[in-house]
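The next block holds one structure in the form of structure tokens; read it before the comments.
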Amino acid sequence: MDHEQNEDDMFLISTLATLDLESEPESPLAPPADLLEQLDGYEWTLQDGGGKNLPPPADLQRKLSEQRNRPIFLEYRIPTMTEDMARNAFLSFVNSKCCYGNKAAGELVIQDLKQLTVYRYRLETFHESRLSEWTFQPFTNNLVDGPQNGASPRLWDIKVQAPPMFQDDTKKFRVPHSSLVKACHKCQGHGRHKCSACHGAGRMRCVTGSGARHRAKQQKRCQMRSGTGRKRRCSTCSGRGNKTCTTCQGEKKLLHFIQLIITWKNKVFEFVSEHQLNFPGELLSKVNGENVFKDENILVYPIIDFPIPQISLASQRAIMEHNAAFTTSSRILQQRQTIELIPITEVHYLYAGKTYLYYVYGLENKVYALDYPERYCCGCTII
């Protein structure tokens, strides 16, 4: 027994002596700032943790907005709602509800149709923001586009293909001439870490046998080592005594480079003119209306003298808010403002001697019912 214990201890000492590795540190993945080099125009990436949005040059937005398209007042007609159209829309609505009977919808008597118009103003601002930060990946002996190939272009001078207008997207690019190869800061360039379970020995004392041929109390043979009490192979590292560095994936070196992250977003401002209806205004955002006005430019101007003053005021407020929010931190690629006329018909009908009310709204002839005489349960939403 003493001979076996001494043999195991000697193996542990010799194994530790031959391994020139350190245990995996609990430091963050990011390398220390002093490991990287300052690149002209990107000095700020090494300060305060790196990545941040960089506003575009002031003259860039001005040059983009010099060309303008004329706003267009579109020809339109106010859709007419007939009794047959109102009845068919109501029947379709009732049939879509699991607990509504359709007898009332088929036998109701329409008493009055009141056609109303509501205007919806919408401003869309499609803007682009750029963020750059140092990042890295395992170096696999690829070509290195570093500072030796020239100075890196300024962030907003890098030309990329933008997505279709008014569609959100995010893309990542490697800044030209920013690549550097450094030894892995996680494993100090070894490519591996000492196994923390066996401390680099490759073997561990058999826990089941508690280091003895038999358990003291139970006198039961160790099933894992057949009662020998010898050290077993470490299951964490498969007996190697070390593990591959997950940061460099065993390559020993890392390719550091500045990554450009471009985000395109479409910000929407929406306003619906006031109406004196017992009708949820949020439903109007889910339907289409007749287009009466469209203005699409890099920067649009506020609408003035529209017949509904609320719309002109909404346009002024929306443009002021969007320009203040985006012109200093990002680049506005396109703005689009529209005015839509949304038809709403208030339908009064008689059924079983009582009067009821529902609304038909939008070009899709959606229905909103305040109540319905043949509703049999409370599981349906009246929309």
If you bin the C-alpha pair distances of region 108-212 every 5 Å from 0, what whole percents do you get?
2, 7, 10, 10, 9, 8, 7, 7, 6, 6, 5, 5, 5, 4, 3, 3, 2, 2, 0, 0
Need one number: nm distance between label points at His348 and Leu283, each 7 Å from Cα along Cα→Cβ, rounded to one decimal.
1.9 nm
Any chance you could tell me what percent of the C-alpha pair distances in region 224-354 go past 20 Å?
70 percent
Give, rounded to the nearest 20 debye, the magnitude of the charge dipole that region 74-140 has about its Cα centre when Lys and Arg contribute +1 at Cβ and Asp and Glu contribute -1 at Cβ.
160 debye
What list of ³J(HN,Hα) values in whole Hz, one per residue of region 338-348 in order, does the Karplus curve 6.51 cos²θ - 1.76 cosθ + 1.60 (θ = phi - 60°) give from phi, with Gly and Pro shown as x?
9, 10, 10, 9, 9, x, 9, 10, 8, 10, 9
Debye, to nearest 20: dipole size of region 263-373, +1 on Lys, Arg Cβ, -1 on Asp, Glu Cβ:
360 debye
FRET E, pair Thr328, Lys103, Förster distance 41 Å, beta-carbon r, rounded to 0.05:
0.10
Inter-site label distance for Phe73 and Val144 at 7 Å from Cα along Cβ, in nm
6.6 nm
Sorted largest first, the Cα spans of region 288-383 on the principal axes come out in Å as 62, 32, 20
Listed pairs Lys171/Lys265; Lys114/Lys267; Lys231/Lys253; Lys114/Lys294 exceeding 23 Å between Cα atoms:
Lys114/Lys267; Lys231/Lys253; Lys114/Lys294
Order Arg232, Arg192, most accessible first, counting only protein heavy atoms with a 1.4 angstrom probe.
Arg192, Arg232
For region 75-127, just the Cα set please: Rg and Dmax, both in angstrom.
16.8, 53
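The values are calculated or read from the model by the stated rules, or taken from the named source; none is laboratory data. For clarity, every value in this text was computed on a predicted model and none was experimentally measured. Every residue, glycine among them, receives a Cβ derived from its backbone with ideal geometry; neighbour counts consider all protein chains shown. Note: accessible area is taken over every heavy atom of the protein model, side chains too, but ligands, DNA and RNA are not part of it. Shrake-Rupley method; radii C 1.70, N 1.55, O 1.52, S 1.80 Å.
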